[in-house]
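The values are calculated or read from the model by the stated rules, or taken from the named source; none is laboratory data. This structure is a prediction, so every number in the text was calculated from the model and none was measured. Quick reminder, even Gly has a Cβ in these numbers, built from the backbone with ideal geometry, and neighbours come from all protein chains shown. SASA here: full protein model, heavy atoms, side chains in, ligands and nucleic acids out. Shrake-Rupley method; radii C 1.70, N 1.55, O 1.52, S 1.80 Å.
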Amino acid sequence: MTADTAAKFDPLRAAEYEKQSRIALAGYDACHELAACMLTAALGPGSSATVLVAGAGGTGNEIVVAGALEPNWRFVAVDPSQPMLELALARIREAGLLGRTEPVLGVVADLPDEVRFDAATLVGVLHHLPGDAAKQAILRDIAQRLKPGAPLVLAGNRYAYASRPVLMAAWAQRWRMNGASEEEVRIKQGKILQGADPPESDEAVATLLTDAGFEKPEPFFSSLFWGAWMARRA
């Protein structure tokens with residue numbers, strides 16, 4: 001997430017983020033659990049590691065889940081939105097992981113160039129960045145701060161929303177299933193269509209990653225528009 005994008009996540013939106021995330025993404029918790037499992041598979045169980053969590057604001061689930069699985073991992077939680085970062089830190093504190101987490105209010109590019117992390121995550125961020133240039137920039141910033149061979153878990157929406165009408169219709173049903181009225185569904189779909197710019201395909205995601213300095217990604221989760229991959233720093 002960039003500083004400009006962070007403006008969308010004001011205190012009101014931060015407060016509703018946790019509930020809405022679990023509705024909008026069917027399998028939200030499973031995705032985070034599998035992300036932690038993928039990182040452990042890449043780094044080895046019981047390993048010691050420092051993990052960069054880019055766009056950490058919100059539920060803090062990347063850290064809560066991975067931190068419970070791997071007691072020797074430490075985390076650097078980076079987010080440009082203060083309300084979203086504070087929300088994540090509250091969840092991390094509840095999980096007893098605040099002592100293993102360094103919060104950074106800012107963007108990945110603000111981190112020292114010489115820092116090298118053992119792994120990184122970028123979850124729910126890429127589709128909020130307008131245009132390929134912004135997406136490339138954050139992926140390059142992450143790649144430059146990873147050790148060679150270090151894994152990145154990337155997760156977020158892909159496909160142009162209007163190009164997949166059946167998926168959009170199913171997404172609407174998901175909101176109705178959770179009590180949204182017809183008007184609320186219409187408003188949510190309007191915001192989705194106007195407020196995000198996901199990569200157009202899985203192939204586009206792979207190209208973004210390889211152009212930024214990663215190896216070919218391995219997909220490990222999919223839910224309607226959402227996808228998750230792991231890719232190693234080349």
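At-a-glance table
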| read-out | value |
| --- | --- |
| Charge dipole magnitude, Cβ of K and R +1, D and E -1 - the range 123-234, Cα centre, debye nearest 20 | 260 |
| Rounded FRET efficiency, nearest 0.05, which uses the C-beta distance separating Q82 from E184 and R0 of 35 Å | 0.80 |
| The range 129-206: relative contact order in percent, alpha carbon pairs under 8 Å with at least 6 residues between | 48 |
| Around L34: net Lys/Arg minus Asp/Glu count, Cβ-Cβ under 13 Å | -4 |
| 222 nm mean residue ellipticity, helices alone, for the chain (DSSP H n ≥ 4; -39,500 (n - 2.57); rounded to 500) | -14000 deg cm²/dmol |
| Rel. contact order, % - alpha carbon contacts under 8 angstrom, at least six apart, the range 60-105 | 51 |
| Cα gyration tensor shape for the range 14-153, rounded if a/c is under 1.5, else prolate or oblate | rounded |
| Surface share of carbon and sulfur [accessible, 1.4 angstrom probe, percent] for the chain | 55 |
| Solvent exposure ordering (accessible area, 1.4 Å, most first) of L152, L105 | L105, L152 |
| Added length on full extension, which subtracts the Cα-Cα distance from 0.36 nm per residue, E16 to A170 | 53.3 nm |
| The range 129-222 - Rg and Dmax from Cα coordinates, angstrom | 16.1, 49 |
| Cut-off 12 Å (backbone N to label point 7 Å along Cα→Cβ of A160), residues of the range 197-230 | 198-201 |
| Accessible area per residue, Å², the chain with all protein chains present, probe 1.4 Å | 45 |
